[in-house]
Amino acid sequence: MAKQQSISNLDALAERLLSAQRVAVLTGAGVSKESGIKTFREADGLWAKFRPEELANVNAFLSNPKLVWDWYNMRRNIVNESSPNPGHYALVEMEKMLPHFVVITQNVDSLHFTAGSTDVIELHGNIQRNKCHSCGRYVEQSDVVFDEGELPHCECGGMIRPDVVWFGEQLPQDAIQRAWNEAQASDVFFSIGTSTVVFPAAQLPYEAKRSGAYVVEINPNPTGFTLEANLAIQEPSGEALPKIVEAMKRKM
Ligand code: BV8
Ligand code: ZN
């Protein structure tokens, strides 16, 4: 049963946030769960049928591009039908109340942008973008055509793929570097809706803690990081984040 946060805890967190110069937030699939997008590793998750290795990696794409494209097209349709939830919107409100606020997301669903967050670092790319696997050229969605089972190809002959980071692929250098710097410089660091198992993203809460940040984890379930957190709020983010924003408003 989720442990309800005491009002005093929320008030203390609100005071800490309002006096913070720099706040950074790492989000994972759990933040989008209340938008109807399944997470990866939960029982009914996206990887319930397959394992990550079978789908989100280059070899899977090269050996069975149709299977991988079917999986991404299924997820893309779900993302296109989904909307931000109260957790996404609470982060937008928090950003407006604070001097420096950045969202570092592992999610590829654009929901932070749709909700109105203005400073978002996408560590793992974006499922609504496409690129050529060979020359790296970006390809508009309208140019990604599946002709009678033919998979989309670039002018250079290379295969077009979703612009997401697969296992074994490097994260965009500028994104992970900036995320690293933001974690190290943050006064308060949130780790929200992530199982903290995929690296290097999972390193960020540890790096924030090591650099002196007050680290808050929001996740209904414990993770490998929970015992490291200064505060662990074991509630769904769509419920916890609006309560934190309300506590901040009471103090302004
Ligand atoms: C790299 C994008 C190095 C695509 C994803 C062997 C070979 C190569 C690399 C490795 C290897 N062994 C290990 C590695 C490193 C590997 C890794 O970390 N593997 C893990 C599995 C051990 N990492 C990589 O490969 C990375 N690249 O290291 O490159 C390199 C160096 C030099 C040269 C070349 C290469 C790339 C990692 C990126 C993989 N791409 N996704 C796509 O989306 O399809 S990962 C995928 O998992 C997602 O992007 C997501 O970001 C990530 C983590 O998942 P979560 O977001 O945490 O979701 P999850 O389901 O796990 O958890 C959800 C949580 O939400 C749960 O805790 C749940 O309790 C909670 N929750 C549920 N409901 C709610 C909630 N929380 C709040 N509110 C709720 N309502
Ligand atoms: Zn190309």
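The values are calculated or read from the model by the stated rules, or taken from the named source; none is laboratory data. Everything numeric here is computed off the predicted structure, so don't read it as measured data. Ideal geometry is used to build each Cβ from the backbone, glycine not excepted, and the neighbour counts take in all protein chains shown. Each accessible area value is taken on the protein alone, full model and side chains, heavy atoms only, with ligands, DNA and RNA left out. Shrake-Rupley method; radii C 1.70, N 1.55, O 1.52, S 1.80 Å.
Decide, for the stretch 100-165, between rounded, prolate and oblate: order the square roots of the alpha carbon gyration tensor eigenvalues as a ≥ b ≥ c, take rounded if a/c falls under 1.5, and otherwise choose prolate if a/b is larger than b/c, else oblate. Prolate, because a/c is 1.5 or more and a/b exceeds b/c. Rounded to the nearest 500, the 222 nm mean residue ellipticity of the chain from helices alone is -11000 deg cm²/dmol, with -39,500 (n - 2.57) taken per DSSP H run of at least 4 residues.
Could you name the aspartates and glutamates in cross-link range of K131, using Cα to Cα under 15 Å and dropping any fewer than eight places away on the same chain? In chain and number order, the partners are E140, D143, E155, D163, E169. For the stretch 34-151, the pair-distance distribution built from all alpha carbon pairs, in bins 5 Å wide starting at 0, is 2, 10, 16, 21, 19, 14, 10, 5, 2, 1, 0 percent.
In the context of the full set of protein chains, the stretch 199-250 has a per residue accessible area of 41 Å² (1.4 Å probe). With kT/(6 pi eta Rh) evaluated at 25 °C and eta = 0.890 mPa s, and Rh the Kirkwood radius from Cα pairs, the chain diffuses with a coefficient of 130 µm²/s according to Stokes-Einstein.
Taking 0.36 nm per residue of sequence separation and removing the Cα-Cα distance, the M97/E148 pair yields an extension gain of 13.2 nm. Report note on the peptides 101-110, 84-93: ranked by the mean count of other C-beta atoms within 10 Å, highest first, their order is 101-110, 84-93. Stretching the chain fully between Y138 and M74 yields a gain of 21.0 nm (0.36 nm per residue, less the alpha carbon separation).
Between the C-alpha center of the stretch 121-173 and that of the stretch 7-72 there is a gap of 20 Å.
Can you work out the FRET efficiency for the pair T226 and Q170, with r the C-beta to C-beta distance and R0 = 35 Å, to the nearest 0.05? According to the calculation, E is roughly 0.80. Over the Cα atoms of the stretch 131-203, the radius of gyration divided by the Kirkwood radius equals 1.13; this is the Rg/Rh ratio.
The ratio of the alpha-carbon radius of gyration of the stretch 162-252 to the globular-protein estimate 2.2 N^0.38 Å is 1.18.
Summing Cβ point charges (Lys, Arg +1; Asp, Glu -1) relative to the Cα centre of the stretch 120-184 gives a dipole of roughly 260 debye.
Please give the Cα centre distance for the stretch 197-252 versus the stretch 82-101, rounded to the nearest Å. Using only Cα atoms to place each centre, the spacing works out to 15 Å. Using only the alpha-carbon atoms, how far is helix 86-97 inclined from the longest principal axis of the chain? Give it as 0 to 90 degrees, nearest 10. The helix 86-97 is inclined about 60 degrees to the chain.
The alpha carbon convex hull volume per residue for the stretch 82-210 rounds to 133 Å³. If one puts a single equal scatterer on every Cα of the stretch 57-113 and applies the Debye formula without solvent, what log₁₀ I(q)/I(0) results at q = 0.20 Å⁻¹? Results for the stretch 57-113 at q = 0.20 Å⁻¹ read -0.81.
Cross-link partners for K66 among the aspartates and glutamates, with Cα-Cα distance under 15 Å and sequence neighbours closer than 8 places in the same chain left out: E54, D147, E148, E150.
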